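Notes follow the structure.
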Amino acid sequence: MRKALRGVLSLAVLIGTVSATGASAGAATAAEPTAKQSSGSTSSSESSSEDIKDRILAIPGMSLIQEKPYPGYRFFVLNYTQPIDHKRPSKGTFQQRITLLHKDTSRPTVFFTSGYNVSTNPSRSEPTQIIDGNQVSLEYRYFTPSRPAPADWSKLDIWQAASDQHRVFTALKKIYSENWLTTGGSKGGMTATYFERFYPKDMDGVVAYVAPNDVVNKEDSAYDRFLARVGTKECRDRLSGVQREALVRREPLEKKYEAYAAESGYTFNTVGSLDKAYEAVVMDYVWAFWQYSMLADCEAIPADAAKATDQEIWDSIDGIAGFSAYADQGLGTYTPYYYQAGTQLGSPDIKQPWLGGLSRYGYQPPRNFVPRDIAMKFQPSAMRDIDSWVRNNARHMLYVYGENDPWGAEPFRLGRGARDSYVYTVPGGNHGSKVAGLVADEKANATAAILRWAGVAPAAVEADPAKAKPLAKFDARLDKRDVDLERDQGTLRP
């Protein structure tokens, strides 16, 4: 789905060709790791006299962009040479950005991706803190600067992206030989799932947060049912009232939008017009609130929208959905996401019946947000394949959802074939839900599973999962969670 952008901050493989490419489609076969005693802290010194940077840069195709200091770690921003097409490596390459938060080669490693751009500042995902390990973070292909030039958009698909991860893992596993987990939130959680589906022997575990699973793109009634009951009636009424008023007052508010766009240098060539962009933002408003706000935040929504001023309506819509989202300057960064949503991932199409006949365009599809010179064709088999595989083959996979997050209306589910895998929901949680927000017994079980899969569960945790807790202390700078980063940047996409 698409959502607001205010700063800056998810596919084209035919599933039937996977076996021909060498990607394994079988069940995960990672053996249960042997638990290793951990004190919760390790030295960053290496047993080898060779510097870790030299070892990393000795990998063919790896180059250094920058090293940044951080106490207790080495942090590298790197480029890695990848084939544009993993089926035909001779057809050209591109540079893909990677960051590496190095603690010690004797520690396990977490492979993180947001499914979008990579941050070039040091940070730890929740699993990295839990296992007190290293973290490799990968920029998703075709998000700039990790984009071939010229870009063959047909090579942007979930199998190609999973193959990017497989090559990075294969290269770094020679240095980081302990257990590996893969993780990500939202589109990153989807990415972690796809990686596991296509390369089930690589990782020792998967921790996927708030990962949407739009199996049948044309059937989205689950989202409508969710929005009809989420939170409280009072909050839903406040939100729908403001949204209606924004469409009732389209003329004066679009004049304000026109002035805002002129001042900011915004254009609307991709979506087609300011009117279509304006409505797209307004149509996102209710969804965006539940995605990143909490029920208590409803107090800030005008209680009687009909009596609110134009400025109050504008401020509420802009503060939650963001009027920069559908300008060319907002869409451009996310062209790879909209392309994937319109070719493999799918995207919600919600009805919002409380708007009556006020909408001119309905909930606009991804095609409207991708330049017309980029060809798109939807592949309905892609997500059906992923969903079936997870239900029947999940091994060491953990899914965490938020009770009030619209993206969780179509979640991943486990079937009879799943083993040592779990789906948990954070009560009252939004799109930033984490293991830390689960009820006590689920939090302990999830934490114990992550430690066990990483091979670092202390003996006390092996004997009693209720004793499980993160091995590394919380670091306010390193452990700033994804939802906080996305709120700061105004990003409200999956």
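The values are calculated or read from the model by the stated rules, or taken from the named source; none is laboratory data. Note that the coordinates shown come from a computational prediction; the quantities given were computed from them, not determined experimentally. Note: ideal-geometry Cβ built from the backbone for every residue, glycine included; neighbour counts use all protein chains shown. Side chains are part of the model used for accessible areas, which takes the heavy atoms of the whole protein and leaves out ligands, DNA and RNA. Shrake-Rupley method; radii C 1.70, N 1.55, O 1.52, S 1.80 Å.
Please note which strands (runs of 3 or more DSSP E) are completely contained in segment 59-148 and include at least 2 residues that are under 23 Å from the mean Cα position of the chain (by Cα) and under 14 Å from L172 (Cβ atoms). Lay out the reasoning, then the answer.
Values: elements: 62-70, 73-83, 93-102, 109-112, 134-138.
Once the strands (runs of 3 or more DSSP E) in segment 59-148 are filtered for at least 2 residues that are under 23 Å from the mean Cα position of the chain (by Cα) and under 14 Å from L172 (Cβ atoms), what remains is 73-83, 93-102, 109-112, 134-138.
Tell me, which residue of segment 37-64 that is among the small types (G, A, S) and at pLDDT 50 or above is nearest to F75 (Cα to Cα)? Restricting to residues being among the small types (G, A, S) and at pLDDT 50 or above, the top hit is S63. So which residues in segment 149-170 are in a helix (DSSP H, G or I), of a type outside the set (K, R) and either in contact with a helix residue (DSSP H, G or I) (Cβ under 8 Å, 6 or more places away or on another chain) or open to solvent by 10 Å² or more (accessible area, probe 1.4 Å) (or both), if there are any at all? Matches in segment 149-170: W153, S154, I158, W159, A161, A162, S163, Q165, H166, F169, T170.
Look at (1) open to solvent by 20 Å² or more (accessible area, probe 1.4 Å); (2) closer than 26 Å to Y260 by Cβ; (3) in contact with a helix residue (DSSP H, G or I) (Cβ under 6 Å, 6 or more places away or on another chain) and you find that V370 fails only one, number (1).
Considering only segment 351-383, state which residues are among the basic types (K, R) and in a loop (DSSP other than H, G, I, E, B).
Of the residues in segment 351-383, the ones among the basic types (K, R) are 351, 360, 367, 372, 377.
Selection gives K351, R360, R372, K377.
Can you tell me how many residues in segment 255-293 are open to solvent by 30 Å² or more (accessible area, probe 1.4 Å) and not small (G, A, S)? Selection size over segment 255-293: 11. Within segment 459-478, the set of residues being over 19 Å from R124 (Cα atoms) and open to solvent by 20 Å² or more (accessible area, probe 1.4 Å) comprises A459, A460, E462, A463, D464, P465, A466, K467. Of the residues examined, Q160 is not one that is closer than 15 Å to G115 by Cβ and in contact with a Leu (Cβ under 7 Å, 6 or more places away or on another chain).
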